[in-house]
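The values are calculated or read from the model by the stated rules, or taken from the named source; none is laboratory data. Small disclaimer: the values here were computed from a predicted structure and weren't measured. As a convention, Cβ positions derive from the backbone with ideal geometry for all residues, glycine included, and neighbour counts pool all protein chains shown.
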Amino acid sequence: MARNLYNLGLETDIADTKIKLLLGYLDQNNYWWVQPDTGATINGGPGKYSQAPTDTYIADLQLTTLLFNKHLLTYGVSFKTAWTDVTEQPLSNWQDRNTPSRGVTYEAKGRDKNFGVFFQDEIQLHEKLTAFVGVRGDWWETYDGYIAQSGVDGYPKSYDSRSKSAFSPKGALVYKPSEITTLRASVGRAFRAPGLYDLYRTTTYQGGVTYAGNPDLKPETITSWDIGIEQKLWEGATVKVSYFENYLQDIIYSANTTATLIDKVNAGKAENKGVELEAEQRFDKWLRLFANLTLTDSKITENDARPASIGKHLTYVPDVMVNLGGDYEKGPFIASLVGRYRSKQYTTDDNTDITSGVYGVYDAYFTADANVSYKATPWAKVSFSVNNIMDKEYYAYSLAPGRFWFADFTLTF
């Protein structure tokens, strides 16, 4: 189940313009998994062998130019394209992927393209007041959609290409009445297109619950605003408080159509409102302690397709998120310890999944991760990480991984 990510970055200056270029390729051509099916036991039995080769290519170009010593212009383009081809094959023994009981019974594939252009002007209105005015244009297309299901009427199906464009303005103000106080406010719009799995992928898990893709999904849009304050206290100490509101339209979410069918649909409207609190304490340059808390009240406000979901919490959005930990850096050594808490998340749009500790739910959990790295040279670094140090057992749909570790070696050119 290899996932290989390749990135190539370039930063340079040409005259008064800083240029950043990022090229990326995510190779998942050897991505596969096996899952038990109805009637299986821990020792074997029927199952499914799924393959999902996927390629993703990205390119981002960003330029920054200072104009008249008052306008800092940031502008550029972004591009992303991907394809996937998912197949399923029944197995006589789910513990051995080389035991097919028949040929491929399901296939879903498709492609998409995302192109964006952006521009921002950072304007120094006053020595204490800075304005940010920006705009982004997005164009999205999905094409070559195809789904085949053995033994199901109406299949195979091919889907016409679809495209959508969006214009997203944004504005912000930053005011510093003193050296220790910063006030911020912003408002803007954003655009998010459905992924290929959202559009075309349908799968049935052990227990008979089917998660269905929807080739007719539309992109979702969001209008948001926030206001906040950053206050420095004693030496090295900073606190931040902010309030935010997000208003979503055509939100992409999972709807419980029946007890055994969960569809990807566009809800009419939804909203998130919440508060973020953050505290940080630095000791010289080598130690930083931090903690942050996010409280979110999310709900669906309009949904003609599923009236029972109106007023319910959005699926997969925790009410409470907490992060706390510390970073240590001394010479070539860097170490970090981070703890994370997430409250329970609903997976059903009517919020009836209140059980915990079983397959298919998203439990509340607290875990901690640690990392130690050594920078041997300016261009070479080796690191060692341990995730879920306390070996906590919880479900994030399936049973989450217990304690595990990994090492990596990084070269920077």
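Side notes on the structure shown:
- Pairs, first of a type in the set (Lys, Arg) in segment 211-232, second in a strand (DSSP E or B), C-beta under 8 Å, six or more apart: LYS218/LYS164; LYS218/ASN266; LYS232/THR181; LYS232/THR238
- Taking each residue of segment 28-56 that is in contact (Cβ under 8 Å) with a residue 60 or more places away in the chain and looking for partners that are part of a strand (DSSP E or B) and of a type in the set (Asp, Glu) with beta-carbon atoms closer than 7 Å, six or more apart or interchain, yields SER50/GLU88.
- Unmet requirement for ILE123, which otherwise passes all of (1) closer than 30 Å to SER224 by Cβ; (2) of a type outside the set (Asp, Glu); (3) assigned to a loop (DSSP other than H, G, I, E, B): (3)
- When each of ARG102, ARG97 is tested for being in a loop (DSSP other than H, G, I, E, B) and either among the β-branched types (Val, Ile, Thr) or surrounded by 16 or more Cβ atoms within 10 Å (Cβ to Cβ) (or both), the lone residue that passes is ARG97.
- Any hit, segment 315-333, residues being charged (D, E, K, R) and buried (at least 16 other Cβ atoms within 10 Å of the Cβ): yes
- Residue tally, condition hydrophobic (A, V, I, L, M, F, W, C) and more than 30 Å from ALA255 (Cβ to Cβ), over segment 152-186: 6
- Checking each residue in segment 241-272 for being assigned to a strand (DSSP E or B), in contact with a Lys or Arg (Cβ under 9 Å, 6 or more places away or on another chain) and at pLDDT 85 or above picks out SER242, TYR243, PHE244, GLU245, ASN246, TYR247, LEU248, GLN249, ALA270, GLU271, ASN272.
- One residue stands out in segment 186-234 among those that are closer than 21 Å to THR260 by Cβ and of a type in the set (D, E, K, R): the one that is surrounded by the fewest Cβ atoms within 10 Å (Cβ to Cβ), namely ASP198.
- Any chance GLU230 is closer than 25 Å to LEU295 by Cα, among the acidic types (Asp, Glu) and under 24 Å from the mean Cα position of the chain (by Cα): no
- Some residue of segment 45-57 being in contact with a helix residue (DSSP H, G or I) (Cβ under 7 Å, 6 or more places away or on another chain), surrounded by 14 or more Cβ atoms within 10 Å (Cβ to Cβ) and not aromatic (Phe, Trp, Tyr): no
- When segment 51-100 is filtered for residues that are touching a Lys or Arg at 6+ places or on another chain (Cβ under 7 Å) and charged (D, E, K, R), the ones remaining, listed by number, are ASP85, GLU88.
- Test: residue in segment 288-305 that is over 30 Å from ALA193 (Cβ atoms), hydroxyl-bearing (Ser, Thr, Tyr) and free of Cβ contacts under 8 Å to residues at least 40 places away in the same chain: no
- Test: residue in segment 168-186 that is assigned to a helix (DSSP H, G or I) and either in contact with a helix residue (DSSP H, G or I) (Cβ under 8 Å, 6 or more places away or on another chain) or at negative phi (or both): no
- Subset of segment 167-185 that is surrounded by fewer than 17 Cβ atoms within 10 Å (Cβ to Cβ) and within 23 Å of the chain's Cα centre (by Cα) - its residue that is farthest from TRP83 (Cα to Cα): PRO169
- Cross-chain or 6+ apart pairs with Cβ under 8 Å, segment 63-83 first and within 24 Å of GLY110 (Cβ to Cβ) and without any contact (Cβ under 8 Å) to a residue 40 or more places away in the chain, then in a strand (DSSP E or B) and among the basic types (Lys, Arg): PHE79/LYS113; LYS80/LYS113; THR81/ARG111; THR81/LYS113
- Taken over segment 61-71, the criterion of being outside any strand (DSSP E or B) and either modelled with pLDDT of 95 or more or not aromatic (Phe, Trp, Tyr) (or both) is satisfied by ASN69, LYS70.
- Among the residues of segment 126-166, the one identified as under 21 Å from GLY76 (Cβ atoms) and surrounded by fewer than 13 Cβ atoms within 10 Å (Cβ to Cβ) is SER165.
Yes or no, residue by residue, for (1) aliphatic (A, V, I, L, M); (2) more than 30 Å from TYR359 (Cβ to Cβ); (3) assigned to a loop (DSSP other than H, G, I, E, B):
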{"position": "ASN29", "(1), (2), (3)": "no, no, no"}
{"position": "ASP55", "(1), (2), (3)": "no, yes, no"}
{"position": "LEU73", "(1), (2), (3)": "yes, yes, no"}
{"position": "SER78", "(1), (2), (3)": "no, yes, no"}
{"position": "THR81", "(1), (2), (3)": "no, yes, no"}
{"position": "THR84", "(1), (2), (3)": "no, no, no"}
{"position": "PRO90", "(1), (2), (3)": "no, no, no"}
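- Residues of segment 74-98 satisfying the condition of being modelled with pLDDT under 95 and either aliphatic (A, V, I, L, M) or closer than 30 Å to LEU129 by Cβ (or both): ALA82, VAL86, LEU91
- Scanning segment 99-120 for residues that are at pLDDT below 85 and hydrophobic (A, V, I, L, M, F, W, C) gives a single hit, VAL104.
- Filtered residues of segment 58-79 (kept if closer than 30 Å to GLY145 by Cβ and either of a type in the set (Ser, Thr, Tyr) or buried (at least 18 other Cβ atoms within 10 Å of the Cβ) (or both)): SER78
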